[in-house]
Amino acid sequence: MNKKYLVSVFLIVLLVASFAGCTSTENGDGEIAEFEVTGLDVSSSEVSPGDSVTVSVDVENTGGEEGTKTVEFTIDGETVTEDVTLGAGESDSVSVSVSKDSTGTYEVSASDMSETFDVVETGTGEASFEVSNLDLSSTGVNPGDSVTVSVDVENTGEEEGTKTVEFTIDGQIVTKDVTLGAGESDTISTTVTKDSTGTYDVSVEDLSQSFEVSETAPEPIILSGNGDTSTETFTLEEGIAIFYFTHNGDSNFIVELLNAETGETVLGDFPNVIGSFEGSTALGVTGETMYASPGEHLLNIDADGDWEVRIEQPRPSDAPTPPQTFSEEGWKVTEPFKLEEGTATFEFTHDGSSNFIVQLYDEEGNRIDTLVNEIGEYEGSTTVGVTGDMLDASPGIHYLSVDADGNWEININQ
């Protein structure tokens, strides 16, 4: 066979083979359509079971003739095809959607490109709550005033749920329900009112705060002068009143307390001493017999020198508990102390030659008992029941009012 003929046949076979894998349309000039596939993209790299994922590629006709390209997407070993027809120089995005019900990692490929996406369970089927930021609208209020207690609650789970928030206030539980969707939060609150003075503990789970209920003490009343004087009127409020006296003179110092509205003498020897004097005494303002009544009062003072009377009506919300020791000289009202339920034992010593009288008052001004009423030196003890019964003391804040002419010491134990 002629060698030139064999070479020609070989070249024709090679040319036919080179065009066998291309989609082309030849025009009169012999031009064909050629395609480039790029930019494989997955719409989401992580989805829930049953959610759809869009897989796309960019297709461009780089040839000189219109043609159709069949794009093959292989997803987890399965092939999905999409046809696109493009004119010469045109491009377009071709996509398919796929969804998988089973969790796992799925591989996607097109031409020589590949990507993956994961199907995962995102819901736990449970709500989970966090409680934080326990807050009180006020940490100090008057009796009868309200305090708002609040906390922040967040659902950190992935399902809607209801949380029962337990507010523990002074040992009592108040509950509030809140329903929150996944990721939602809210502030939950409750309002509490206490009529009795004291410190109240508030807790929610492992969070805790406290607030105090105390009466606002009236402003001190200060009266002063020289010699015999009938003072201006002043107002005593219900509760205990403590009178502090000073006198710089050589003769009588006698103080008389009158009810300015009725003219009644409340106390006639309040005190009744000779010479210089400094001391204090307690008085209950309760309106009962042998006590002062709330309202307007005045003092008649018999004196031969300068004098001053200071009147205080304390409203402590708390006080130290026994053991307590008080050591003073003469007329004095002790600092407040707090008796707890049970019994309280008082031990006394006095080295004076005249009166030694010790009276127990509660914070409301009630005289609970006269613990000692002796003359001269004294050493002894007595026990008081702290039960709240009619003839006993009640748990709470108390004072001792001491009338003495010497040094004295009182020890209190429970």
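Some values worked out for this structure:
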item: Pick from segment 383-403, criterion part of a strand (DSSP E or B) and either in contact with a Lys or Arg (Cβ under 8 Å, 6 or more places away or on another chain) or polar (S, T, N, Q) (or both), ranking: surrounded by the fewest Cβ atoms within 10 Å (Cβ to Cβ); result: 383
item: Tally, over segment 348-358, of residues that are open to solvent by less than 40 Å² (accessible area, probe 1.4 Å) and part of a strand (DSSP E or B); result: 5
item: Flag for residue 375 being more than 37 Å from the chain's Cα centre (by Cα) and either under 30 Å from residue 219 (Cβ atoms) or not hydroxyl-bearing (Ser, Thr, Tyr) (or both); result: yes
item: Residue ID - farthest from residue 407 (Cα to Cα), chosen from residues in segment 366-396 that are among the small types (Gly, Ala, Ser) and at pLDDT 95 or above; result: 394
item: Yes/no for residue 380 being part of a loop (DSSP other than H, G, I, E, B) and either open to solvent by less than 10 Å² (accessible area, probe 1.4 Å) or touching a Phe, Trp or Tyr at 6+ places or on another chain (Cβ under 6 Å) (or both); result: no
item: Pick from segment 134-188, criterion small (Gly, Ala, Ser) and farther than 20 Å from residue 201 by Cβ, ranking: most open to solvent (accessible area, probe 1.4 Å); result: 185
item: Residue in segment 87-105 that is hydrophobic (A, V, I, L, M, F, W, C) and either farther than 23 Å from residue 52 by Cβ or without any contact (Cβ under 8 Å) to a residue 24 or more places away in the chain (or both) present; result: yes
item: Considering residues of segment 326-345 that are closer than 20 Å to residue 356 by Cα and open to solvent by 70 Å² or more (accessible area, probe 1.4 Å) only, the residue farthest from the chain's Cα centre (by Cα); result: 329
item: Of all residues making up segment 359-377, the number that are of a type in the set (Asp, Glu), closer than 23 Å to residue 316 by Cα and part of a strand (DSSP E or B); result: 2
item: Hits in segment 58-81 (condition: among the hydrophobic types (A, V, I, L, M, F, W, C) and over 12 Å from residue 97 (Cα atoms)); result: 59, 71
item: Residue match in segment 144-160 (condition: on the phi > 0 side of the Ramachandran plot, of a type outside the set (Val, Ile, Thr) and modelled with pLDDT of 95 or more); result: no
item: From the options 292, 303, 282, 319, residue that is more than 17 Å from residue 269 (Cα to Cα) and among the hydrophobic types (A, V, I, L, M, F, W, C); result: 319
item: Residue list for segment 230-276, filter: touching a residue at least 60 places away in the same chain (Cβ under 8 Å) and open to solvent by 40 Å² or more (accessible area, probe 1.4 Å); result: 230, 232, 233, 235, 237, 238, 244, 246
item: Residue identified as in a strand (DSSP E or B), open to solvent by less than 70 Å² (accessible area, probe 1.4 Å) and farther than 30 Å from residue 176 by Cβ among 85, 74, 116; result: 74
item: The one condition in (1) free of Cβ contacts under 8 Å to residues at least 60 places away in the same chain; (2) part of a strand (DSSP E or B) that residue 196 fails to fulfil; result: (2)
item: Contacts under 6 angstrom Cβ, first residue in segment 34-60 being in contact (Cβ under 8 Å) with a residue 12 or more places away in the chain and of a type in the set (Ser, Thr, Tyr), partner open to solvent by 40 Å² or more (accessible area, probe 1.4 Å) and part of a loop (DSSP other than H, G, I, E, B), 6 or more apart; result: 48/122; 54/43
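The values are calculated or read from the model by the stated rules, or taken from the named source; none is laboratory data. Because the structure is predicted, anything quoted here is derived from the model rather than measured. Positions of Cβ are backbone-derived with ideal geometry, glycine not excepted, and every protein chain shown enters the neighbour counts. These accessible areas exclude ligands, DNA and RNA; they are computed on the full protein's heavy atoms, side chains included. Shrake-Rupley method; radii C 1.70, N 1.55, O 1.52, S 1.80 Å.
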